[in-house]
Amino acid sequence: MSAPFATAERIPETVPPELVWDKDFDTFTTEGNDPFVSIARLHEGPPVIWGTEANFKRPGWILTRDDVIREAFIDYEHFTSERPGMIADMLGEPILLNPIEIDPPKHHQYRKILNPFFTPAAIRSYDEPVRQICRELIGKFKDRGECEFVDAFAVPFPSYVFLDLMGMPRDLLDQFMGWQDELMRASDPMVRVAAARSIYGYLKQHMEAQKANPTNEFLKGIVSGEVEGRPMNYYEMMGMFYVLYVGGLDTVYSTIGWIMQHLAMHPDLQQQLRAEPDLLPQAVEEFCRAYSVVVTHRAVTKDFTFHGVPMKKGDEVNMPIMLANRDPSVYADPHSVDIERKPRHIAFG
């Protein structure tokens, strides 16, 4: 087996037997009609477990509670983002997804490059273009009175926003989504490698074109960005392009799909939000809590004990955000969507 798919021992000797969870995370999630309820069965066990197939068949720790997940997020001295990443392994290139796979204090330097484009004022400037994309997509099916929502809206809506922002052609969306699905979901590891490298090849030429002639101010800000008084190097810039690609084409459409399914099954909530549109912002926060789709990963930096559990340097740590956001010790009736709730969620890590 090639290096990108080398794994640690399935059950290291240092793992207490009572913490071993000998199941496949993805399969466990699909048992039953609701994957969020299915995975929440892990709340019945310890807050830290060792999964023999925790992430794409790789073994590692799984954190199952809101408090331990939050603690791991901020404790970069023990839980580093700068682990040998799946993307770097598949590409055979020293790329970290920038800035999410970079620890403080350098993380903040890279965030400074992006932050000006995501302030409230900057986001307001995107409002009309985003609304126009909505109108364009809805216009294609409104006269029919129905649609297959994921294909007709959930996928193209955030994708068009992303492609326009990144100066990429919309007519290549099917190709981009094909690569993305293979990268994130293919069971054959070599299919995932091929997709990762196809994305990399496209982004490489796109980045070089943007360096020569930026399409917009956002891209100009990236290709001219400086860290510690110097221009970003090739790998730093490619890491930033890659993380925007992965985030822009997957996470949002998955979340929107779950939200719309909920609304479809709760017409009373639809009517309430139509009648009281001022409730939409708080409804969005509750939807984000209830339908978090991301599993974040860290690596242990040194041998230490975490909540009584002995962890070893190099151990992989998996942090399913849906387990934090549906933790019954934090949220009453966590599987219900209650827009009166004011959740302090961590849907975006």
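Numbers at a glance
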{"quantity": "Residue count, region 301-343 (criterion: part of a strand (DSSP E or B) and either open to solvent by 40 Å² or more (accessible area, probe 1.4 Å) or out of contact with any helix residue (DSSP H, G or I) (no Cβ under 8 Å at 6 or more places or on another chain) (or both))", "calculated": "5"}
{"quantity": "Qualifying residue in region 183-197 (condition: without any contact (Cβ under 8 Å) to a residue 40 or more places away in the chain, open to solvent by 50 Å² or more (accessible area, probe 1.4 Å), of a type outside the set (S, T, N, Q) and in a loop (DSSP other than H, G, I, E, B))", "calculated": "yes"}
{"quantity": "Residue that is farthest from ILE256 (Cα to Cα), among those in region 113-132 that are under 23 Å from the mean Cα position of the chain (by Cα) and of a type in the set (A, V, I, L, M, F, W, C)", "calculated": "ILE113"}
{"quantity": "Scan of region 238-263 for residues that are aliphatic (A, V, I, L, M) and without any contact (Cβ under 8 Å) to a residue 60 or more places away in the chain, ordered by number", "calculated": "ILE259, LEU263"}
{"quantity": "In region 245-300, the residues that are part of a helix (DSSP H, G or I) and of a type in the set (S, T, N, Q)", "calculated": "THR251, SER254, THR255, GLN261, GLN270, GLN271, GLN272, GLN282"}
{"quantity": "Among residues of region 8-22, those that are charged (D, E, K, R), in contact with a strand residue (DSSP E or B) (Cβ under 7 Å, 6 or more places away or on another chain) and closer than 17 Å to THR64 by Cα, counted", "calculated": "1"}
{"quantity": "Some residue of region 147-158 being in contact with a helix residue (DSSP H, G or I) (Cβ under 8 Å, 6 or more places away or on another chain), part of a helix (DSSP H, G or I) and open to solvent by 60 Å² or more (accessible area, probe 1.4 Å)", "calculated": "no"}
{"quantity": "Residue match in region 104-115 (condition: more than 15 Å from VAL227 (Cα to Cα) and either surrounded by fewer than 17 Cβ atoms within 10 Å (Cβ to Cβ) or touching a residue at least 12 places away in the same chain (Cβ under 8 Å) (or both))", "calculated": "no"}
{"quantity": "Subset of region 211-236 that is part of a helix (DSSP H, G or I) and in contact (Cβ under 8 Å) with a residue 60 or more places away in the chain - its residue that is surrounded by the fewest Cβ atoms within 10 Å (Cβ to Cβ)", "calculated": "GLU217"}
{"quantity": "Residue match in region 265-286 (condition: within 30 Å of GLU82 (Cα to Cα), open to solvent by 20 Å² or more (accessible area, probe 1.4 Å) and of a type in the set (S, T, N, Q))", "calculated": "no"}
{"quantity": "Residue identified as under 29 Å from ILE199 (Cβ atoms) and acidic (Asp, Glu) among GLU340, GLU236", "calculated": "GLU236"}
{"quantity": "Residue tally, condition assigned to a helix (DSSP H, G or I) and in contact with a helix residue (DSSP H, G or I) (Cβ under 6 Å, 6 or more places away or on another chain), over region 94-129", "calculated": "1"}
{"quantity": "Whichever residue in region 88-117 is among the polar types (S, T, N, Q) and touching an Asp or Glu at 6+ places or on another chain (Cβ under 7 Å) and, among such residues, is nearest to TYR245 (Cα to Cα)", "calculated": "ASN98"}
{"quantity": "Residues located in region 61-77, provided they are open to solvent by 40 Å² or more (accessible area, probe 1.4 Å) and farther than 15 Å from GLU316 by Cα", "calculated": "ARG65, ASP67, ARG70, GLU71, ILE74"}
{"quantity": "Every residue from region 53-86 that is within 18 Å of GLU18 (Cβ to Cβ) and β-branched (Val, Ile, Thr)", "calculated": "ILE62, THR64, VAL68"}
{"quantity": "Pairs with Cβ under 8 Å, 6+ apart, first in region 289-304 and free of Cβ contacts under 8 Å to residues at least 24 places away in the same chain, second open to solvent by 40 Å² or more (accessible area, probe 1.4 Å) and in a strand (DSSP E or B)", "calculated": "ASP303/PRO310"}
{"quantity": "Any hit, region 160-175, residues being within 27 Å of THR30 (Cβ to Cβ), open to solvent by 40 Å² or more (accessible area, probe 1.4 Å) and assigned to a helix (DSSP H, G or I)", "calculated": "yes"}
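The values are calculated or read from the model by the stated rules, or taken from the named source; none is laboratory data. Everything numeric here is computed off the predicted structure, so don't read it as measured data. When we count neighbours, we look across all protein chains shown, and the Cβ atoms used for this are built from the backbone with ideal geometry, even at glycine. Side chains are part of the model used for accessible areas, which takes the heavy atoms of the whole protein and leaves out ligands, DNA and RNA. Shrake-Rupley method; radii C 1.70, N 1.55, O 1.52, S 1.80 Å.
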